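For reference, the structure is listed below as structure tokens.
Nothing in this text is a laboratory measurement; each read-out follows from the coordinates by a stated rule. In this text the structure is predicted, and so the values were computed from the model without any measurement.
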Amino acid sequence: MEITVINIGNSKGIRLSKTILEKYQITDTMEIILEEDQIILKPKSKPRQGWEEAFKEMHKNGDDVLLIDDVFDDEDFEK
């Protein structure tokens, strides 16, 4: 794919099509990786995005119970 470098004030930039933005889930932040003979643009991921809503849904469904008890019956903290 070939794109044109455009003037943006005193800088230069590129435009990404809506199709590319949607396909790679690019919103407002990207990571730029500079390698020897190439520039890589990578969407900035938010690894915990959506967790709060997921935890609320789990709680509502009763799916937020411990699978293993915190304290075992044979543990003695007095020693």
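Given the rule -39500 (n - 2.57) for each run of at least 4 DSSP H residues, summed and divided by the residues of the chain, what is its mean residue ellipticity at 222 nm, to the nearest 500 deg cm²/dmol?
-6000 deg cm²/dmol
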- Which angle between 0 and 90 degrees, to the nearest 10, do you get for helix 51-61 versus the longest principal axis of the chain when only C-alpha atoms count? 40
- Item | Whole-Hz ³J(HN,Hα) from phi, Karplus 6.51 cos²θ - 1.76 cosθ + 1.60, for the range 16-26, glycine and proline x | 10, 5, 4, 4, 5, 4, 6, 4, 9, 6, 8
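Using the Kirkwood formula on the Cα atoms of the range 6-61, what hydrodynamic radius do you get, in angstrom to one decimal?
14.4
Report the full-extension gain for the segment Ile6 to Leu41: residue separation times 0.36 nm, less the Cα-Cα distance, to one decimal in nm.
Contour length minus the Cα-Cα distance gives 10.9 nm.
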- A chain fully extended from Lys23 to Asp63 at 0.36 nm per residue, minus the present Cα-Cα distance, gains in nm 11.2 nm
- For Lys46, the lysines lying under 24 Å Cα to Cα, once residues fewer than eight places off in the same chain are dropped, come out as Lys18, Lys23, Lys56
